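Participant: Quick one: structure below, then a few questions.
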Amino acid sequence: MENTAHIHVFKTNIQSEVDKVAIRDLLDSHHQIEKWNVDYEDIDCVLRIVSPSIAPQEIIQLITSNGYHCQELD
Amino acid sequence: MRVRDEQKESAIREKAMEMIVAEGFDGLSMQKLARAANVSPATIYIYYKNREDLLNSLYNMVNHTFAEVALDKFSPELILEEGLWVQWKNRMKFILEYPVYFQFFEQFRNSPLIHHEDVKSSEFKENMIAFVRNAIKRGEMKKMEPEIFWSLAFGTFYSLLKFHVQGKSMMTDNYKVTDAKMKALLQMVIKALKPE
């Protein structure tokens, strides 16, 4: 089981495979990100990131600078 | 920082199952579930990657509980009649004590979700296979297709129990199963399974 402190969840508008392709390389190549996935079936298109070191703000910046909406889900 | 909370986790699981049993798989959304379990959607995503992951882990948990209940006092070495009796009593216990689990179990197994790679098969199946092999080796039952065996050995029992759970049958509005009735049915099943 993953360490819950390492999991970050965000509300996004990454709605389809096409959108996912746009951010895939970004997240795949980020050395601090262990795992990530997007739940399209959810209305919040939740982006879930597993990383022991990255700050949520960095992820938000990464996603928004690529033209997508991203905010921490509470 | 969020910490793992067993109570929240079990509230999520129980509510998810109740929602699925009441409204089907399509009736489950993370938002609705969060409201019902009184947690935030973010909390659910801490424990589960997505909806599919949640459904698979629910099934694995229910399957584990089923195996635990069904294998209690059971051994593949038991003689056919005794082993089937233990199985019937244990499965009855599962259905009566965990009605929501049982309904979820049935729904899941009748859906395409059952073919997902994350769905684990349990030690339960191996135990049942060994039990049947031993019974054939000892000459207590004839060789037959597993589906035919299941229909005789368990289909009969589940049909009888269904009358009990619904509390009525085609003949009466007040049907109750007893050990004596189950034993009588078991005798007929044993007879049908015997080699000629």
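The values are calculated or read from the model by the stated rules, or taken from the named source; none is laboratory data. This is a predicted model, so every value here is computed, not measured. Cβ placement follows ideal geometry from the backbone for every residue including glycine, while neighbour counts extend to all protein chains displayed.
Participant: Would you call B:Leu28 within 12 Å of another protein chain (Cβ to nearest Cβ) and at pLDDT below 90?
Facilitator: Working: within 12 Å of another protein chain (Cβ to nearest Cβ): yes; at pLDDT below 90: yes.
For B:Leu28, the condition - within 12 Å of another protein chain (Cβ to nearest Cβ) and at pLDDT below 90 - is met.
Participant: Kindly evaluate B:Leu78 against the criterion of being surrounded by 16 or more Cβ atoms within 10 Å (Cβ to Cβ), in a loop (DSSP other than H, G, I, E, B) and free of Cβ contacts under 8 Å to residues at least 60 places away in the same chain.
Facilitator: Yes; evaluated as a whole, the condition is true for this residue.
Participant: Against the conditions (1) away from chain A (no Cβ under 14 Å); (2) touching a residue at least 40 places away in the same chain (Cβ under 8 Å); (3) over 19 Å from the mean Cα position of the chain (by Cα), where does B:Asp53 fall short? Just the number, please.
Facilitator: So the condition that B:Asp53 fails would be (1).
Participant: Can you say whether B:Ser122 is within 26 Å of B:Val62 (Cα to Cα) and at pLDDT 95 or above, as far as the supplied structure shows? Outline the logic, then answer.
Facilitator: Numbers: within 26 Å of B:Val62 (Cα to Cα): yes; at pLDDT 95 or above: no.
Taking the combined requirement at face value, the residue does not satisfy it.
Participant: Right, next: Restricting to region A:15-42, count the residues that are out of contact with any Lys or Arg (no Cβ under 9 Å at 6 or more places or on another chain) and within 11 Å of chain B (Cβ to nearest Cβ). Don't jump to the end; show me each part of the working.
Facilitator: Going through region A:15-42, the residues out of contact with any Lys or Arg (no Cβ under 9 Å at 6 or more places or on another chain) turn out to be A:15-34.
This time we only want the ones that are within 11 Å of chain B (Cβ to nearest Cβ), so: none.
Of the residues in region A:15-42, 0 are out of contact with any Lys or Arg (no Cβ under 9 Å at 6 or more places or on another chain) and within 11 Å of chain B (Cβ to nearest Cβ).
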